[in-house]
Amino acid sequence: MTTKSGRSGRLPDPLPDPDPAPAPAPAPDEVADRYPGRLRDVLRVPAGGRLDLSSYDPGGVPAGPRDKAAGLEAAAAAGRRLAELQERLYAAASAGDRRRLLLILQGMDTSGKGGTVKHVIGHFNPAGCRIKAFKAPTTEERDHHFLWRIARELPRSGDIGIFDRSHYEDVLIARVRGLVPRERIRRRYDEINAFERALAEDGFTIVKVFLHISPEEQRRRLLARLDNPDKHWKFNQGDIEERALWPAYQKAYERALERCSLPEAPWYVVPADRKWYRNWAVSRLLLEHLEELDPQYPKGDFDIEASRRLLLGNG
């Protein structure tokens, strides 16, 4: 499948300076030392074997800050470092660096996909982000391969892309609702794996996050929407119908996470009952991946002193 890459020869526009100016970023080790170890090692879905989501606590705090106050502080510290790394990734594209990052968010209704997007975007300059919330396929999209609409929304070199739902819907709701034969679902796992391997080879860092919420917490959040008229627009009667299919969806997620957790693109299970922990964990996962990429500002290809003299000479 042909995917978008590069910027059609156009260098990226410089990211505008934020307003107001952010607080000075802590040194990279400052954030890491507070919570030693790699969160990705704790939350990564093990390769091979069966996955049982019931063994994961949606309200747990498996690593990192132990309470909300510490979590908010840690997320703010990570956010400052994320902003710097995003700018470096964006700038590196101007010198031909083809790398980019794609965050994929999946989860049951009310698990916090939209809230996570809002939180993550709060760290980044929107000029270097590409966000896509995938809904039910349109008539045009149904006329193409299920990955066609995904390829059209991929981030460009130097960008950070965020998918609220993704191509995994085609092995989740399609499986639960029986929209396609089970054999086709099995083939789609292989197609997704081949697609993501090709993206990784083309310079994509793929961070796939399953926001794991409990049915009890989902009920509380749905009731809260009913109790608040300002949230009625977010409520869908279909959410109640989908709750009846909770076991089937959990099984569909287990199979998808088992079959499509690659070394190049593993899945991470993030407990989502506590919103503050969810936000910190996703920020920390992004931070770890961007620090591993370690993008660098391009070196100037001009004579700095000569340019300085010209500017001073021009008054």
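Scanning the stretch 257-293 for residues that are among the small types (G, A, S) and more than 23 Å from D202 (Cβ to Cβ) yields A272, A281, S283.
Checking each residue in the stretch 233-249 for being of a type outside the set (G, A, S), modelled with pLDDT of 95 or more and surrounded by fewer than 17 Cβ atoms within 10 Å (Cβ to Cβ) picks out L245, W246, P247. Of all residue pairs spaced 6 or more apart or on separate chains, those with beta-carbon atoms under 9 Å, a first member in the stretch 168-197 that is small (G, A, S) and a second member that is assigned to a helix (DSSP H, G or I) are A174/R184; A174/I185; A174/R188; A174/A252.
Taking residues in the stretch 264-286 that are in contact (Cβ under 8 Å) with a residue 12 or more places away in the chain and among the hydroxyl-bearing types (S, T, Y), and partners anywhere that are part of a loop (DSSP other than H, G, I, E, B) and open to solvent by 10 Å² or more (accessible area, probe 1.4 Å), the pairs with Cβ atoms closer than 8 Å and at least 6 places apart or on different chains are Y277/V61; Y277/G64; S283/H123.
Selection of helices (runs of 4 or more DSSP H) fully inside the stretch 86-187 by the criterion of at least 3 residues being within 26 Å of E292 (Cβ to Cβ) and open to solvent by 10 Å² or more (accessible area, probe 1.4 Å) returns 113-121.
Among the residues making up the stretch 105-163, those that are touching a strand residue (DSSP E or B) at 6+ places or on another chain (Cβ under 7 Å) and of a type in the set (D, E) are E153, D159.
Out of the stretch 31-63, which residues are at pLDDT below 95, open to solvent by 50 Å² or more (accessible area, probe 1.4 Å) and of a type outside the set (A, V, I, L, M)? Within the stretch 31-63, D33, R34, P36, G37, R38, P46, G48, G49, R50 meet the criteria. Entry remark, the stretch 116-147: residues being touching a residue at least 60 places away in the same chain (Cβ under 8 Å) and more than 23 Å from A74 (Cα to Cα) number 4 in total.
The values are calculated or read from the model by the stated rules, or taken from the named source; none is laboratory data. Here the structure is a predicted model, which is why all the values come from computation and not from measurement. We place every Cβ from the backbone using ideal geometry, glycine too, and count neighbours over all the protein chains shown. Note: areas computed on protein heavy atoms with side chains; ligands, DNA, RNA excluded. Shrake-Rupley method; radii C 1.70, N 1.55, O 1.52, S 1.80 Å.
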